Amino acid sequence: MPVAPPPPKSLPLTALRAFEAAARLGGFTAAAAELGVTPGAVTAHVKALEEGLGAALFERQSKGVRLTALGAAAAGGFTEAFDALARAEAVLRARAAPQVVHVATLPAIAQLWLSPRLPALRAAAPEISVSITALEAPPNLKRAPYDLSLFPAATGGRLVAVDAVFPVCAPALADRLRRPEDLAAVPCLSDAAWAGDWDLWLAAAGVAVRPRGPVFSLYALAVEEAVNGAGVLMGHAALVADHLARGRLIAPFPQRVALPQGLRLWSARPMPRGSAVARVVEELSRGAP
């Protein structure tokens, strides 16, 4: 009676994904950030893969890792394979839920720019559902399950809002500010992600003042504190426009510094005319420069 030998055991998909990400991004830490796991998990997956192969894929060095000849020869094929898998997954998601659009953006943009525009979008396209995910960095749209990303950038995508920085504060606090030098006597609120905004504006205004005050990790919270009268915030025009229009914030000085980065929309895939993604882009682009 013939005996069929067992088929060779497949290499674990998770380990292959960790290897491909580390090879493409140049390190285990960057791969972990993209995959949403710890660097230790990526290290363990790659080590298990190397043990299963009986060959090294990376050279471990004091300043990081470098692909071996074997790893370099294999990496490109896996990148193509995972890109193709991501495209197939995107098609499957779109066909399964053609009226759902997934948007990735910064937390501050989600709360201060995108959220105020959702009622008009729903009114114009009530059949479309918009799902929003707040991220601290733009996703890799070739891999991530998002239809659109909305982030500050100087080029690429579709520009939906220009940006500039300038001080803003509550009306009561504005009464104490006659000239930029008066900023030395009030709390100056800062956002950790945009730590250089104050220096940029002060240099352009020609003012030798060292701003002092609380630093926030959430820009939307810093905006609310400025509205509450806690201090003067370096406002981003695209994000404080609604508060300025309602009079909750005031720009006490006329100087503005235009930024090369505007808010830009990127699409994860082609947008056929009339599709849900195309409709969302059209609505969010209304009034764009």
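The values are calculated or read from the model by the stated rules, or taken from the named source; none is laboratory data. All figures in this text were calculated on a predicted structure; none of them were measured in a lab. Cβ sites come from the backbone with ideal geometry, for glycine too, and all protein chains shown count toward neighbours.
Output the residues belonging to the range 137-155 that are within 12 Å of PRO260 (Cα to Cα) and small (Gly, Ala, Ser).
Result: ALA153, ALA154.
So which strands (runs of 3 or more DSSP E) are wholly in the range 55-166 and hold at least 2 residues that are of a type outside the set (Lys, Arg), more than 30 Å from ALA204 (Cα to Cα) and outside the structural domain of LEU244 (by TED's automatic domain parsing)?
The strands (runs of 3 or more DSSP E) meeting that bar are 58-61, 64-67, 100-105, 129-134, 148-153.
Would you pick out the residues in the range 20-34 that are aliphatic (A, V, I, L, M) and in contact with a helix residue (DSSP H, G or I) (Cβ under 6 Å, 6 or more places away or on another chain)?
Result: ALA21, ALA22, ALA23, LEU25, ALA31, ALA32.
So, in the range 129-186, of the ones that are aliphatic (A, V, I, L, M) and in contact with a Pro (Cβ under 7 Å, 6 or more places away or on another chain), which residue ends up surrounded by the fewest Cβ atoms within 10 Å (Cβ to Cβ)?
ALA154
Working only within the range 194-220, note down all residues that are at pLDDT 90 or above, at negative phi and out of contact with any strand residue (DSSP E or B) (no Cβ under 9 Å at 6 or more places or on another chain).
Within the range 194-220, GLY196, ASP199, LEU202, ALA220 meet the criteria.
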